[in-house]
1. For residue 746, tell me the accessible area in Å² from a 1.4 Å probe, rounded to the nearest 10.
2. Where q = 0.20 Å⁻¹, what log10 of I(q)/I(0) comes from the Debye formula for region 148-193, counting one point per Cα?
3. Which angle between 0 and 90 degrees, to the nearest 10, do you get for helix 31-40 versus the longest principal axis of the chain when only C-alpha atoms count?
4. What per residue convex hull volume, in Å³, comes out for region 501-646 when only alpha-carbon positions are used?
5. Using only C-alpha positions, report the orientation-averaged shadow area of the convex hull of the chain, nm², one decimal.
6. Under the definition of Cα pairs under 8 Å and six or more residues apart, what whole-number percent is the relative contact order of the chain?
7. Of 620, 509, 556, whose Cα points farthest to the positive end of the dipole of the chain (charges on the beta-carbon: +1 Lys, Arg; -1 Asp, Glu; origin at the Cα centre)?
8. Give me the log10 of I(q) over I(0) for region 428-498 at q = 0.24, 0.25 Å⁻¹, as the Debye formula computes it from C-alpha points; what are the numbers?
Amino acid sequence: MTGSCQPERGYDTMCFGINHLDGRNRPPVNRGVVLLLLLFATLPGPCQSNSGELRLKVVDPSGLGLRTSVQITSEASQYHRSLTTSDQGLLDLERLPYGIYQLTIVTPNFAPMSEVVEIYSSLPTERRIQLQLRAVNESVTVSAANTLIDRDQAGSVNQIGSDMIHTRVSSIPGRSLQDLVNSQPGWLYEGNAVLHPRGSEYQTQFVVDGIPLTDNRSPSFGTSIDADDVQSLTIYTGGFPAEYGRKMGGAVEVNTLQESQPGFHGQAVFSGGSFDTASASAQGQYLSGKNALGASASGSMTDHYLNPVVPQNYTNAGTLGDFSVHYELNPTSKDRLRLVVRHELARYEIPNEQVQQDPQLRVELGQPPPPSGTPPQLQTADNFETLGSAAYQHIFSSDVLVDVRGMVRNNSNDFFSNAYSWPIIVLQHTHFNEGYFNSSVSIHRSHQEWKAGLETDNTFLHENYSDVLTANPDYAGYPFDPGTATTFRFLGNRPDLEQSAFVEDLIHYGDWTVNAGLRWDHYQLLLNQNAVSPRFALAHYFPSENLIVHASYDRIFQTPSFENILLSSSPKVESFEPTVLRLPVQPSHGNYFEIGATKSFFSQLRVDTNYFRRDVNNYADDDQILNTSVSFPIAFRNAVVYGAEGKLELPQWRGFSGFLSYSYIVGNAWFPVTGGLFLGQDAVDATTQLSGHFPDSQDQRHTVRGRLRYRVKPRLWVAGGVQYDTGLPFDFDGTPQQALAEYGQHVINRINFARGRIYPSFQVNASAGTNVYQSDRVEMWVQVDVQNLTNILDVIDFGGLFSGNAIGPARSFALRLTTNF
């Protein structure tokens, strides 16, 4: 069956029929319009990173530069580095998260030295350290400073450093970065590693090397950076600086750039394990004079890419790869230029349910028997992304710094179905081209750090969707509403234009810290809206108690997710079914409140506690088109999410290190619906259900994550971890008997139909690592992990037939070899 149609006025078109989604059927792109809009987009915007720089020079008693090793430590930032100065005694430490750092230098023939440096400015902090000769038989003890808490942090920020990244529990390919974020309080998973911070749906932004990526980065939506390519993470869930906007559930700063060390340095990682999983990655950087050139590459494969919908894990293979190159030039002490190019890809299968794997089971649903020898359904998808970014920094004086950044990228997603797919064949090709530019100016005056900037982000959306219903409407087991169109096709394209401006002031005065800011946003896609958002955070440090008390208020403006938004909002979808409700998805407006405290005990243990509340109008959620995995945004009138969080962190004590996090979250959303596409009975319910509330899909209540590591010997460690989830709510239209016939007793045993919740799950994991080779240049570690030792059937989501079940991996193991050089 074939069909063709042309975009109507360059926006959207629907037609009946279906065709293969190849280049001949993709909507045309007006390249002149794209170039013109990108030209106008080159306005300045803000640097999305709260980090500073330390420029260190180490000299001997005569003032000559000295090549030596420097230990830099901040327990609050999980920053531990041992770096070497150049022959001139110079060391430049970029991208240091704000906080307190201890510098320690132990060099033969010189007296040991230890100093504390505070980094609270985007402008470089310069420090000259002159070592003294050690007297004969002199014994000097270097005492450790208390860097366990950041006394000037006024909001909820969690840091993950290189040590936790490198010794993390192994992950399924495509979700190692998400697993690290999910270990922190306030975050939880739904199926396929979709992150939800404090009850938000698809409202997470990843700021990769200063460039914000606001689209869905979960494995089933887009490509992902491998954790082995990451140096550090900074994670926000409250007290957001005014420079952050658009996606405000949570913000994750991802630093992939290596420290500037003379010569060639790098890392290679090889791993494998259960589900025929294998991965390899490598990265390296060469620094010579004013030039630094680095590259990284990785590839992986697995038979457990997504979360299967039944325990049998049908059709779930995936392969991934990424490659990046970066170049940095420091022509003068006041100028820095950085260029980054990254390409990522993922190809994977969509897991089948039992009836899709065994066509004869359709008879049990009331459908006619398929022809003898009918093969199973096979649906596949792929994601590709190519990104290029440039950043330039200039220091005008010791108090003024300007940062200009830009990014262009192309992102595409494809979905294919074979001819035996049931109950629907889906073909899709969506892609977008994005141009992002920003600049900011930072001004340091006494106790204040002013920052202001402008930002523009122009995304050109293109959607191509087709489907054919293969279920027989003349039989009882027909899974669609009567009258649903048996064939459908849609083409659409439209620009998403967003601009913003901000100003903020970070004030340090004695034991008080104030972060006050104001942000303006403009959003133009289906709607044209502006918003002004004030932000305010306050912290007070009690030195005698090693205690910080902080509070914050964030006014937020969140733009809708743009995945399939053109399809769901087009008037042509009214041909889907006889009964259709179509409402434009409004941006979310909300008020975030938080109060918390951080305290250190004996300079060894840190305790963080927070209480938060989020009131959101036009609360964002998502739904699916018919019985497919193609999702689109919807919205409800409002939602209230509140809860409490706690985290205990032990950086290092007598060989022990680890953390324990706890989250309590309650979320409710209120009718009526205020945006999205609703078909058939869902449309009727949406127009009649005008009041009342229901638990949001992330209302898990209790979540616990923990890991404790013990260094048995300098070259051997063991670790154990726990994960406890009380279970997400679900909405199932069928009966327990129907679910039993489709999913089996093992799945039903994990479902509490009376409460409408999944039963709690408790998992245990164990790890061990050993150093198998050590030299001045090369270090090799082997790590083995065993996950889900309890072997519980981890039902993450339960949604019923063809609608989003997700089951976590059974007991599994992994082996990883890491070589640093």
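1. Surface open to solvent at residue 746 totals about 140 Å².
2. So the normalised log intensities are -0.77.
3. Between the helix axis and the principal axis of the chain, the angle is about 40 degrees.
4. Numbers: hull volume 20.1 nm³, N = 146.
Output value, Cα hull per residue: 138 Å³.
5. Values: hull surface 136.3 nm².
Spelled out: convex hull of the Cα atoms, projected over all directions, averaged, 34.1 nm².
6. Here the relative contact order equals 11 percent.
7. So the residue furthest toward the plus end is 509.
8. For region 428-498 at q = 0.24, 0.25 Å⁻¹, log10 I(q)/I(0) is -1.02, -1.05.
The values are calculated or read from the model by the stated rules, or taken from the named source; none is laboratory data. Please read these numbers as outputs of a predicted model, since none were measured by experiment. Every residue, glycine as well, gets a Cβ built from its backbone with ideal geometry; the counts of neighbours run over all protein chains shown. Protein only, heavy atoms only, side chains kept; ligands, DNA and RNA dropped before computing areas. Shrake-Rupley method; radii C 1.70, N 1.55, O 1.52, S 1.80 Å.
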